[in-house]
1. For the stretch 320-341: of the residues being under 16 Å from Phe287 (Cβ atoms) and not in a loop (DSSP other than H, G, I, E, B), which is farthest from the ligand (Cβ to nearest atom)?
2. Among the residues of the stretch 247-287, which ones are away from the ligand (no atom under 13 Å from the Cβ), touching a residue at least 24 places away in the same chain (Cβ under 8 Å), under 20 Å from Trp321 (Cβ atoms) and not in a loop (DSSP other than H, G, I, E, B)?
3. What strands (runs of 3 or more DSSP E) completely inside the stretch 170-246 contain at least 2 residues that are within 22 Å of Gly462 (Cα to Cα)?
4. If you take the residues in the stretch 288-315 that are within 16 Å of the ligand (Cβ to nearest atom) and more than 15 Å from Ile424 (Cα to Cα), which one is surrounded by the most Cβ atoms within 10 Å (Cβ to Cβ)?
5. Scan the stretch 342-350 and tell me whether some residue there is polar (S, T, N, Q) and not in a helix (DSSP H, G or I).
6. Quick check on Gly402: is it in a strand (DSSP E or B) and either over 20 Å from Ile445 (Cα atoms) or hydrophobic (A, V, I, L, M, F, W, C) (or both)?
7. Take Leu74 and tell me if it is hydrophobic (A, V, I, L, M, F, W, C) and either touching a Lys or Arg at 6+ places or on another chain (Cβ under 8 Å) or closer than 26 Å to Glu182 by Cα (or both).
8. Return the residue satisfying two criteria in turn: it lies in the stretch 424-447 and is of a type in the set (Val, Ile, Thr) and within 16 Å of the ligand (Cβ to nearest atom), and of such residues it is nearest to Gln109 (Cα to Cα).
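Each value in this text was obtained by applying a stated rule to the coordinates, not by laboratory testing. Model, not experiment: these values are computed from the prediction. With ideal geometry, Cβ positions are generated from the backbone for all residues, glycine too; neighbour counts draw on all protein chains shown.
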Amino acid sequence: MPVLADPATEARSILAGLGLSLPASGLEARTPVDGALIGHVTPATPAEAEAAIARAAAAFRLWRSVPGPKRGELVRLYGEELRREKDPLGRLVTLEAGKTLSEGLGEVQEMIDICDFAAGLSRQLYGLTMTTERPGHRLMETWHPLGPVGVISAFNFPVAVWCWNLSLALVCGDPVLWKPSEKTPLTALAVHAVFERALARFAAEQGEFAVPDISQLLIGGPEIGNLLVEDRRVALVSATGSTRMGRIVAPKLAARFARSLLELGGNNALIVTPSADLDLALKAIAFAAMGTAGQRCTSLRRLLVHESLKDEVVARLKPIWASASVGDPRDPGTLVGPLIDAAAGEGMANALEAARAAGGIVHGGEAVDSAGIYRRPALVEMPAHGGPMLYETFAPVLYVVGYSTLEEAIELNNSVGAGLSSAIFTTDLRESERFVSAAGSDCGIVNVNIGTSGAEIGGAFGGEKETGGGREAGSDSWRAYMRRATNTINYSNEIPLAQGVRFDI
Ligand code: UN1
């Protein structure tokens with residue numbers, strides 16, 4: 001194992017390199033690498049959050065009239081700044097969220113990718129023109145900026161998910177107010193400081209179009225998130241987190257008819273059919289279940305294996321699970337880093353207890369440190385689909401059950417509350433087409449011969465049912481950040497009414 005620096009010292013030196021110093025008191029910021037205190041951050045008071053919302057509302061009135069491609073230029077500059085700082089930012093993600101260095105860097109890459117996507121999109125906010133039933137008329141739609149967007153993000157993708165929202169919102173003409181997870185305030189400060197550099201460059205190069213306060217960071221707890229949710233000046237709240245959080249946020253937004261974009265829990269399954277290429281499947285299963293220590297909303301939690309293969313698949317997975325290296329996420333040999341905190345470790349232990357109580361055979365899962373946040377990944381043979389398989393445990397636990405027909409496997413895939421991601425391994429065209437068809441998986445992400453996690457930004461990301469229904473990142477997800485106006489323009493000398501209605505005066 002290479003000699004690695006003290007995590008808190010390394011984090012502080014990365015922050016200093018980015019020009020950030022931490023105050024002596026405030027909210028604690030810790031690293032899960034060894035549980036140490038990195039420093040403190042200053043939370044926003046409710047009055048400060050209120051003032052920030054007012055500034056965002058004022059910024060909106062200016063930013064909405066800046067031409068889309070100019071807005072895109074700012075996001076392009078941010079992508080350039082991120083490229084320059086990819087290494088320290090990726091390391092900081094690793095230190096604060098505990099994901100492996102490769103994944104920390106991958107997360108920053110995801111930010112860069114969405115900036116590129118959004119910069120291109122800034123010239124493509126297309127509306128349709130329709131043929132009209134009336135002579136001398138034109139019927140079309142235009143897409144306009146919506147208003148300030150509140151972003152509430154989770155610890156597991158502490159910076160990329162904000163950037164999916166920020167880059168699209170800015171290009172769409174909306175200012176952003178960001179409340180990051182209380183568990184990851186430092187990465188938020190760091191990426192926001194880098195954004196401010198891009199904004200300063202934009203102001204220097206495109207002065208007439210620069211608008212202050214188009215991106216603001218509000219560090220704090222649920223009370224700050226709640227202010228964003230309840231304030232009528234916040235037009236859209238994009239919230240990533242648990243289904244429990246979504247159940248609190250969604251009715252409040254609905255009560256004031258605000259838009260919501262919800263990315264909630266997942267309980268993702270992968271089906272291994274008799275025709276599957278098992279070598280491929282095993283690699284995909286390992287990354288999807290153990291990557292990010294099982295702390296992605298897209299992590300694989302339920303493995304549904306055809307009964308003819310179940311023993312073989314379990315026998316081949318067991319040594320992969322037993323040999324996966326658990327340790328410091330900065331060590332290039334590590335596959336599974338720490339869980340975010342001790343509570344997450346307890347959550348994993350409780351799920352395994354529930355699995356045993358339901359008759360499951362648990363392989364692995366034990367803590368390897370005294371704090372219980374470094375845990376061996378667990379592989380659990382379940383006697384039937386049930387017990388803790390029915391809910392999401394944010395930890396590296398993979399439950400395995402057998403199935404006999406594809407219909408049954410699809411039923412099981414769809415039988416849980418969440419509907420985020422799903423996958424099938426098959427070389428049978430009929431099976432894969434059935435899985436992706438209207439009568440197949442009911443999830444927002446439906447993959448063939450690839451795992452459940454690790455989506456590219458080009459597609460729309462999100463899921464159905466208790467996952468909340470929101471879509472972020474690629475495809476036409478931008479529409480959530482804009483309002484649509486339908487325009488009928490009469491250039492004739494008559495007032496013909498639609499549907500042939502007559503009203504002669
Ligand atoms: C999340 O876990 O909240 O598809 C987002 C993936 C990542 C995003 C996950 N690109 O796994």
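1. Filtering the stretch 320-341 for residues that are under 16 Å from Phe287 (Cβ atoms) and not in a loop (DSSP other than H, G, I, E, B), the one farthest from the ligand (Cβ to nearest atom) comes out as Ser323.
2. Within the stretch 247-287, Ala269, Leu270, Ile271, Val272, Leu278, Leu280, Ala281, Leu282, Ile285, Ala286 meet the criteria.
3. Ranges flagged: 176-179, 236-240.
4. Across the stretch 288-315, the extreme among qualifying residues is Ala293.
5. Start the filter on the stretch 342-350 by keeping residues that are polar (S, T, N, Q), which leaves 350.
With the extra rule that they be not in a helix (DSSP H, G or I), the set shrinks to none.
Scanning the stretch 342-350, I find no residue that is polar (S, T, N, Q) and not in a helix (DSSP H, G or I), so the answer is no.
6. Values: in a strand (DSSP E or B): yes; either over 20 Å from Ile445 (Cα atoms) or hydrophobic (A, V, I, L, M, F, W, C) (or both): yes.
Yes.
7. On the way: hydrophobic (A, V, I, L, M, F, W, C): yes; either touching a Lys or Arg at 6+ places or on another chain (Cβ under 8 Å) or closer than 26 Å to Glu182 by Cα (or both): no.
In short, no.
8. Of all residues in the stretch 424-447, those of a type in the set (Val, Ile, Thr) come to 424, 426-427, 436, 445-446.
Cutting the leftovers down to within 16 Å of the ligand (Cβ to nearest atom) gives us 445-446.
Working: Ile445: 21, Val446: 23 Å.
Looking at residues that are of a type in the set (Val, Ile, Thr) and within 16 Å of the ligand (Cβ to nearest atom), I get Ile445.
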